[in-house]
Amino acid sequence: MDIYKVIIDNETGCEKVSLVTYPAVEVDFLAFDSDKDNNKMKLSFSNDEEREVWGVAMLADTPIYRRRGDYEYYVVFDKDNIKKMVLKYFKEQRESQVNLQHKDDVNDVTIFESVITSDRVKIKDFEYVPEGSWIIGMKVENDEVWNAIKKGEYRGFSIEGLFNFELIPEEKEEKKDEELDFLNKLV
C-alpha cells in the first residue's frame, strides 16, 4: 500500500482539532486510572470539576490508514512537519477552533496545554509515543460536550486541515513494516 508523507508549508496546516469517537491515531484520551495491561487508555475522571482531557493529537512517523473509494493508503506526519504544523496552529491562534466528529463547531472548548515529545520532554503516561508526537490538554467548559465525553461518545482527538502529500518511494518497505508493527502494538 502506498504511503504519503504530509508536508506543511505556508498554505497548509491544521485548522481545527476535533473531538471524535474513533481517533485516527487510535489512541484514546489519557486515563487517570488506566488499565496497565492495555496500551489503549480508557477515559476516566479524577475530578469532574476540572473538565480536562489529555491525549495524542498526532503520532510522529506513524502510518495512519486512509481510504478514498477503492484506493487504500497511509499518511505519515514526520516530527519536523508536526512541529511546523503546531507552531503555525498557535501563531494563527486556533486553540479554540474545535468541532465534533469533524462536523459541528463547538464553543467553550479550548486547548490549554500542548507538548511535542522529545528526548528532553517526557510525559508520564505517554512514554510510548514516538519522539516528535503532539500531545494536547483540552479544557471543556461546554456542559453538553463534557457529558458526551463522560459517556464515551468522544474518546480522542483528530486534527483537520489542508495538507500537501509526497509519495514515499517503495524502497522504504522495511521502514514501513517497522512503523506498522509499532501501530499494531497500540491497538
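The values are calculated or read from the model by the stated rules, or taken from the named source; none is laboratory data. All values derive from a computational prediction rather than experimental measurement. Don't worry about glycine lacking a Cβ; one is built from the backbone with ideal geometry, like all the others, and counts go over all protein chains shown. Remember, those area values only see protein heavy atoms, side chains included, never the ligands or the DNA or RNA. Shrake-Rupley method; radii C 1.70, N 1.55, O 1.52, S 1.80 Å.
Could you pull out the residue among Leu19, Leu30, Leu43 that is modelled with pLDDT of 75 or more and not basic (Lys, Arg)?
Leu19
Do any residues in the range 127-147 that are in a helix (DSSP H, G or I) have Cβ atoms under 8 Å from those of residues that are open to solvent by 10 Å² or more (accessible area, probe 1.4 Å) and at pLDDT 95 or above, where the two are at least six apart or on different chains, and which pairs are they?
Listed pairs, sorted by first residue: Val145/Leu100; Val145/Val106; Val145/Asp108.
Might you check whether a residue that is of a type in the set (S, T, N, Q), modelled with pLDDT of 90 or more and open to solvent by 50 Å² or more (accessible area, probe 1.4 Å) occurs anywhere in the range 64-83? Before the answer, list the steps.
We begin by selecting, within the range 64-83, every residue of a type in the set (S, T, N, Q); these are 81.
Now drop any that are not modelled with pLDDT of 90 or more, which leaves 81.
If we keep only those that are open to solvent by 50 Å² or more (accessible area, probe 1.4 Å) too, we end up with none.
No, the range 64-83 contains no residue that is of a type in the set (S, T, N, Q), modelled with pLDDT of 90 or more and open to solvent by 50 Å² or more (accessible area, probe 1.4 Å).
For the range 61-88, which residues satisfy the criterion of being within 14 Å of the chain's Cα centre (by Cα) and either assigned to a strand (DSSP E or B) or among the aromatic types (Phe, Trp, Tyr) (or both)?
Listed by number, the residues that qualify are Ile64, Tyr65, Val75, Val76, Phe77.
Give the residue, chosen from Lys150, Lys122, Lys139, that is modelled with pLDDT of 90 or more, among the basic types (Lys, Arg) and open to solvent by 40 Å² or more (accessible area, probe 1.4 Å). Spell out how you get there, then give the answer.
Working: Lys150 fails: modelled with pLDDT of 90 or more; Lys122 fails: modelled with pLDDT of 90 or more.
The unique qualifying residue is Lys139.
From the set of residues in the range 89-116 that are part of a helix (DSSP H, G or I) and closer than 17 Å to Phe157 by Cβ, which is least open to solvent (accessible area, probe 1.4 Å)?
Out of the qualifying residues, it is Tyr89.
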